[in-house]
1. Name the strands (runs of 3 or more DSSP E) wholly within the stretch 235-302 that hold at least 1 residues that are surrounded by fewer than 20 Cβ atoms within 10 Å (Cβ to Cβ)?
2. Among all residue pairs at least 6 apart or on different chains, which show Cβ distances below 7 Å where the first residue, located in the stretch 99-122, is within 27 Å of residue 34 (Cα to Cα) and the second is hydroxyl-bearing (Ser, Thr, Tyr)?
3. Within the stretch 161-179, is there a residue that is modelled with pLDDT of 95 or more and within 20 Å of residue 290 (Cα to Cα)?
4. Quick one: residue 131 ticks every box in (1) within 18 Å of residue 292 (Cα to Cα); (2) at pLDDT below 95; (3) of a type outside the set (Val, Ile, Thr) bar one, so which box is it?
5. From the residues in the stretch 39-62 that are more than 18 Å from residue 73 (Cα to Cα) and touching a helix residue (DSSP H, G or I) at 6+ places or on another chain (Cβ under 7 Å), which one is surrounded by the most Cβ atoms within 10 Å (Cβ to Cβ)?
6. Condition check: of a type outside the set (Asp, Glu), surrounded by 24 or more Cβ atoms within 10 Å (Cβ to Cβ), in contact with a helix residue (DSSP H, G or I) (Cβ under 9 Å, 6 or more places away or on another chain) and farther than 29 Å from residue 154 by Cα. Does residue 20 satisfy that?
7. All but one of (1) touching a helix residue (DSSP H, G or I) at 6+ places or on another chain (Cβ under 9 Å); (2) more than 24 Å from residue 96 (Cβ to Cβ); (3) not basic (Lys, Arg) hold for residue 138; which doesn't?
8. Tally up the residues in the stretch 326-350 that are charged (D, E, K, R) and modelled with pLDDT of 90 or more, please.
Amino acid sequence: MKILVTGGAGFIGSAVVRLAIARGHDVVNLDALTYAACLDNVASVAEYSGYAFELVDIRDRKSLDRIFAEHRPDAVMHLAAESHVDRSIDGPSEFMETNILGTFNMLEAARNHWAEQGKPERFRFHHISTDEVYGSLAPDGDDMFTEDTPYDPRSPYSASKASSDHLVRAWAETYGLPVLITNCSNNYGPFHFPEKLIPVVIINAIHGEPLPIYGDGSNVRDWLYVEDHANALLTVLAKGEPGRTYNIGGENESSNLELVKTLCAILDRMCPREDGKSYAEQITFVADRPGHDARYAIDPERIRSELGWRPSVTVEEGLERTVRWYLDNEAWWRPLLDRTGVGKRLGTRV
């Protein structure tokens, strides 16, 4: 199968590219190489004969049409998106343009290609989205997001992703385009761009910098190891029912404070401070960001029962792997620290 992966130089997209090629698929990696993308993420597969890279922005419809015509993919895995909530609060326009207009362009280019190929039954447009479209759960509850949970986005980022989800469903209903949608929980793991919580904490810790936590750290997330996510996405592509939505979760809920304390304990073992103290002493609470959702939790029953997928690692195992990767791959993350805003959070100390 030849798969067109958008955003394939990003964090999740590159994990999909690497795994797809490992499984024998041909891959066309389409990426605009914006600030959070890095071709080093796919350097291990760049010489593979079935791999091609296209430097293209999904807002550029003409270029998308050319790519579909030249490469003739059997499937699309659409991951390209602006994805940082903090940045969406500071500058929402890019999120609207890329996540909404860009998805519209991808749908139209894919629909045109699908029609020109005679509407093959095996073609799929797989749209990768987020659990943030569902809004927020009670912090002390036991309810979870299901595929039937009403949408209730709370940030410019989640609103733009909710909009793109609706576009994909509309193209399925109106034009018959065979689509799949997945909504995932928080990803972490190797090649995570150093602006999100886990890589910021790891890198700040080993530099003796404060470990910033929003508010009181009680916000709860369901943590999904990125390589598990890539496996789930390819499982949905291969086995999912067209028109169906699948929620993908790590079955690993943790508050931000608990997560950071776990990271500190791992770092204490793997890379002890010279003064013998715990990295936990570097934890610093900063002002909460606007509209910070209290809790996300995924009910993965559908993907588990229908497609037989479950996460392979616990959050503790995944964090151990992640810390080890960052300690062993300073040559990857150090050059990225010079990019605007990397390693920072929008909150201020309280």
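1. On the way: elements: 245-248, 253-255, 283-286.
Per the criteria, 253-255, 283-286.
2. 99/160; 99/164; 100/160; 100/163; 100/164; 103/164; 106/6; 111/175
3. Of the residues in the stretch 161-179, the ones modelled with pLDDT of 95 or more are 161-179.
Checking which are within 20 Å of residue 290 (Cα to Cα) leaves us with 161-162.
Scanning the stretch 161-179, I find at least one residue that is modelled with pLDDT of 95 or more and within 20 Å of residue 290 (Cα to Cα), so the answer is yes.
4. (2)
5. 42
6. Values: of a type outside the set (Asp, Glu): yes; surrounded by 24 or more Cβ atoms within 10 Å (Cβ to Cβ): yes; in contact with a helix residue (DSSP H, G or I) (Cβ under 9 Å, 6 or more places away or on another chain): yes; farther than 29 Å from residue 154 by Cα: yes.
So residue 20 passes the test.
7. (1)
8. Filtering the stretch 326-350 down to residues charged (D, E, K, R) leaves 328, 330, 334, 338-339, 344-345, 349.
Okay, now just the ones that are also modelled with pLDDT of 90 or more, so 328, 330, 334.
Going through the stretch 326-350 one residue at a time, the tally reaches 3.
The values are calculated or read from the model by the stated rules, or taken from the named source; none is laboratory data. The structure displayed is predicted, hence computed values, not measured ones. Backbone-built Cβ (ideal geometry, glycine too); neighbour counts: all protein chains shown.
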